[in-house]
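Let me begin by presenting the structure, written as structure tokens, before commenting on it.
The values are calculated or read from the model by the stated rules, or taken from the named source; none is laboratory data. Small disclaimer: the values here were computed from a predicted structure and weren't measured. Backbone-built Cβ (ideal geometry, glycine too); neighbour counts: all protein chains shown.
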Amino acid sequence: MSSLVVAVAVLFVFFAGSTTYEWYVRKDYRYWKLRILYLAAVNPAFPSFVCTGGGKAFVAAFLWIENIIVFYHQLKPLSKTYMPRRWRELMAPYMAYSISIAGIISAIFYTNPNIKGAGSLFVMSFFAAIIITLYNIWEFVVIDKEYPEDNPYQEVELVPLPEEKVTFDPIKKPGRKDLLSMCLLTAFSALLIFHKLGNPVAPQTALSLSPCDYKYFAEDRRDDIPQESKIDLQFQDEEFIEGISLYVGDKDTSVVRVEARSGENTWTIIQDALQLDATYRWNSIPIQMNANAIRVLQRDGDGKYLELAVRVKNTGEETEKERLLLPNNWQSYGALFDEQSLYPEYLTYYDQSLFDEVYYASSMYQFLQGENMREQTHPPLGKAIMSIGMYLFGPTPFGWRFVSAFLGVLMVPVMYLFLHGYLHNTRYATAGTFLFCIDFLHITLSRIGTPDTLVAFAMLVTMMYYHRAIERIRNYGFDKTAYRLLGIYSFCIGVCISLKWTGVFLLFGCILVYFRCITPYSKKMLGSAAIFHCLIPGTLYVLSFIPFYVKMGYQNFLQAALEHSFDMLRFHETAMKGHEFASPWFTWMFDIRPLVDIVSYVDGGKVSTVATFGHPILWPLGLVCFLFVAFRAAFREDKRASFFATLYFGLLFPWFFIKRTTFIYQYYGCSLVTIPIITYAMYRINQRSNPRINQFFLVLCTVVFVLFCPVLTGEPISKTWIEQMLVWMQGWNFY
């Protein structure tokens with residue numbers, strides 16, 4: 001039953017959107033009786049469609065705003081003493097559309113168990129709307145027939161709003177000033193992103209351990225454990241051991257037991273079954289006791305360890321900093337003690353993996369080795385591309401972050417070209433690109449070795465060429481250049497989907513733009529939509545699995561791609577685990593819950609932290625600017641505003657129905673569209689208001705960026721500064 005309701009809901013959203021487009025934009029009021037019958041039939045299905053939590057409030061507010069706008073169009077002609085016949089004829093379809101909206105709101109509130117009694121008010125308004133609409137239909141269908149041909153309502157021609165003409169070429173090449181601005185902004189972004197990106201060196205030599213039989217864990221069999229299943233360290237004197245740190249390789253299934261000996265034969269179990277799944281990270285294990293021997297036993301899974309550090313304190317120094325202790329038999333485990341100088345003084349992001357890098361870094365290495373990759377929840381193309389950095393610079397923090405950083409910098413000139421083709425204005429292209437350079441999410445994700453920046457880069461290129469294609473079709477129709485641009489777009493959108501499934505959300509937004517901005521409909525238009533929006537991207541998605549399956553030795557690529565895709569789908573359907581940094585979609589644009597990737601404590605009360613969240617000025621203002629461009633698209637027939645308003649809605653709308661655990665970085669695609677939307681709003685403000693407003697806005701965003709820059713790049717900063725200056729909301733906790 002729920003699937004049927006969702007299907008009906010999707011059909012209704014499409015139908016209501018097309019109705020709004022036909023009536024408000026194209027001014028085409030044909031087939032209104034059929035639409036009324038459809039809306040009346042769909043309405044009873046919505047009592048089963050219930051939103052909860054913040055999503056309920058968001059949907060209700062959105063529908064009420066739209067309902068007010070619709071009723072405004074109804075009441076406007078009634079306020080005039082002389083009402084043209086055309087306005088009176090439109091009363092029935094407008095009111096029918098209002099019925100559908102009121103019905104949805106009534107269903108949402110009335111069927112919600114969290115609201116007791118309040119639903120009756122909406123039900124009454126729902127039935128009142130039905131009565132009013134039935135009267136309007138009866139008046140239009142019955143009473144109107146009694147009027148003679150020369151009825152007293154004279155026909156008055158309504159003067160439409162002037163349509164804004166596109167007076168620029170979206171493919172015009174930038175000039176010298178544009179190239180200079182683009183190069184300076186790119187250099188600024190490169191300096192910001194590549195500054196202390198990651199350590200170019202890391203432990204390389206490895207010691208592998210295999211799990212031993214459980215019979216050896218008996219008290220009298222400990223000394224019989226095979227050498228290939230243990231690390232047995234002996235020290236000359238008994239010392240107070242702070243702990244040990246193991247730099248784990250690409251094996252994530254390792255489970256170990258850690259023991260320490262004090263005296264002759266007194267062994268103490270420190271950790272009985274510790275899982276070391278944080279790959280390419282220093283896994284710290286506290287000992288906190290006097291010991292003359294330490295033993296690490298491989299209980300389950302294969303272990304791969306690149307370095308081991310035994311930490312003791314320098315009691316002779318005032319600061320009592322930790323120092324490394326070398327065991328007497330270190331030569332027996334040479335691979336674990338040959339790179340002791342690489343153990344950092346402070347374990348920050350610079351020397352190890354952070355957040356999801358523990359999955360992707362090991363997957364890159366495994367791909368290069370021709371092994372099954374650990375990370376199987378996203379298509380393999382992203383990990384294959386990111387492995388280029390590891391191939392060039394080795395399995396180091398700089399190596400697995402290089403591709404993300406490089407493409408993050410490359411996004412800057414792409415954004416500039418996009419904005420320049422959009423507004424054809426050097427000043428506002430520069431201002432918009434600068435705002436993109438200082439967007440918090442762009443900076444942080446460009447410095448992390450995950451595929452999110454790859455997807456964002458592909459999305460940005462896709463939107464740029466798609467905008468050019470739409471403008472070309474508007475001005476010249478489906479000519480050769482239009483087909484060439486559509487071909488580039490279809491290739492880019494196929495790459496987006498092959499990198500991460502969030503590319504499907506962009507495809508949905510592009511389809512909405514296609515049918516929203518290109519009229520009238522024709523066979524050529526529908527055929528092009530099927531080829532460039534479905535056939536080519538789908539083919540590229542299947543082909544993207546080939547490099548992975550060639551490495552793995554598969555023969556049937558299509559079957560393997562389908563099986564892998566269904567496995568990913570099952571994972572995302574069941575990924576409902578709670579997480580302290582999880583945040584629902586309706587909180588993203590307000591930065592309610594930042595994601596803290598890593599926290600490291602250093603001397604002097606300072607902390608090194610890397611946080612993922614959005615610019616607290618840009619993102620909320622971006623939502624306001626979206627409402628502005630949506631208004632211009634709906635009531636001013638602004639084609640430039642229509643493109644981005646529709647695209648933003650298409651990227652955000654699918655998240656309404658995602659039930660898995662979500663995080664703030666999944667707003668990255670929408671934030672890419674927010675920049676052109678804000679830039680366009682600045683462009684309009686400059687035309688109709690004081691241009692100093694834009695200057696003040698740019699200065700304010702820059703000051704806020706400088707303020708928060710340390711928590712984006714991992715620079716050490718005092719806790720006092722964080723508490724007093726950076727904690728703007730209750731949910732912000734950066735350490």
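Numbers at a glance
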read-out	value
Yes/no for residue 243 being part of a loop (DSSP other than H, G, I, E, B) and modelled with pLDDT of 70 or more	no
Pairs, first aliphatic (A, V, I, L, M) in region 272-297, second assigned to a loop (DSSP other than H, G, I, E, B), C-beta under 7 Å, six or more apart	297/212; 297/225
Residue 679 being more than 15 Å from the chain's Cα centre (by Cα), at pLDDT 90 or above and assigned to a helix (DSSP H, G or I)	yes
Unique match (being in a loop (DSSP other than H, G, I, E, B) and over 30 Å from residue 665 (Cα atoms)) among 371, 375, 345, 307	345
Top-ranked residue in region 686-719 [being in a helix (DSSP H, G or I) and of a type in the set (D, E, K, R); ranked as surrounded by the fewest Cβ atoms within 10 Å (Cβ to Cβ)]	688
Pairs with Cβ under 7 Å, 6+ apart, first in region 499-516 and in contact (Cβ under 8 Å) with a residue 40 or more places away in the chain, second in a helix (DSSP H, G or I) and of a type in the set (Ser, Thr, Tyr)	506/462; 509/646; 510/466; 512/646; 513/646; 516/21; 516/642; 516/646
Residues of region 579-605 that turn out to be basic (Lys, Arg) and surrounded by fewer than 19 Cβ atoms within 10 Å (Cβ to Cβ), as a count	0
Residue in region 428-435 that is under 26 Å from residue 468 (Cβ atoms), polar (S, T, N, Q) and at pLDDT 90 or above present	yes
Candidate set: region 482-528, residues that are under 20 Å from residue 673 (Cα atoms) and of a type in the set (Lys, Arg); chosen: the one surrounded by the most Cβ atoms within 10 Å (Cβ to Cβ)	500
Complete set of residues in region 464-480 that are surrounded by 14 or more Cβ atoms within 10 Å (Cβ to Cβ), in contact (Cβ under 8 Å) with a residue 24 or more places away in the chain and either polar (S, T, N, Q) or in a helix (DSSP H, G or I) (or both)	464, 465, 466, 467, 468, 470, 471, 472, 473, 474
Condition check for residue 668: in contact (Cβ under 8 Å) with a residue 12 or more places away in the chain, touching an Asp or Glu at 6+ places or on another chain (Cβ under 7 Å) and assigned to a helix (DSSP H, G or I)	yes
Residue match in region 473-482 (condition: under 18 Å from residue 643 (Cα atoms) and at pLDDT 90 or above)	no
Test: residue in region 552-565 that is in the same structural domain as residue 457 (by TED's automatic domain parsing), modelled with pLDDT of 75 or more, among the polar types (S, T, N, Q) and not in a helix (DSSP H, G or I)	no
Residues within region 240-279 that are surrounded by fewer than 15 Cβ atoms within 10 Å (Cβ to Cβ) and of a type in the set (D, E, K, R), tallied	2
So residue 660, is it modelled with pLDDT under 85 and under 30 Å from residue 597 (Cβ atoms)	yes
Residue that is farthest from the chain's Cα centre (by Cα) [pool: residues in region 483-508 that are of a type outside the set (A, V, I, L, M, F, W, C) and more than 25 Å from residue 524 (Cβ to Cβ)]	498
Residue among 443, 385, 448 that alone is outside any helix (DSSP H, G or I) and among the hydrophobic types (A, V, I, L, M, F, W, C)	448
Pick from region 317-342, criterion free of Cβ contacts under 8 Å to residues at least 24 places away in the same chain and either part of a loop (DSSP other than H, G, I, E, B) or basic (Lys, Arg) (or both), ranking: farthest from residue 711 (Cα to Cα)	326
Count of residues meeting criterion [surrounded by 17 or more Cβ atoms within 10 Å (Cβ to Cβ) and in contact with a Lys or Arg (Cβ under 7 Å, 6 or more places away or on another chain)] in region 645-685	3
Matching option when the condition is at pLDDT 85 or above, within 19 Å of residue 329 (Cβ to Cβ) and among the acidic types (Asp, Glu), among 232, 224, 237	232
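Here is a yes/no grid of residues against (1) crowded, with 21+ Cβ neighbours inside 10 Å; (2) among the acidic types (Asp, Glu); (3) under 27 Å from residue 399 (Cβ atoms):
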residue: 281; (1), (2), (3): yes, no, yes
residue: 291; (1), (2), (3): yes, no, no
residue: 324; (1), (2), (3): no, no, yes
residue: 330; (1), (2), (3): no, no, no
residue: 342; (1), (2), (3): no, no, yes
residue: 367; (1), (2), (3): yes, no, yes
residue: 373; (1), (2), (3): yes, no, yes
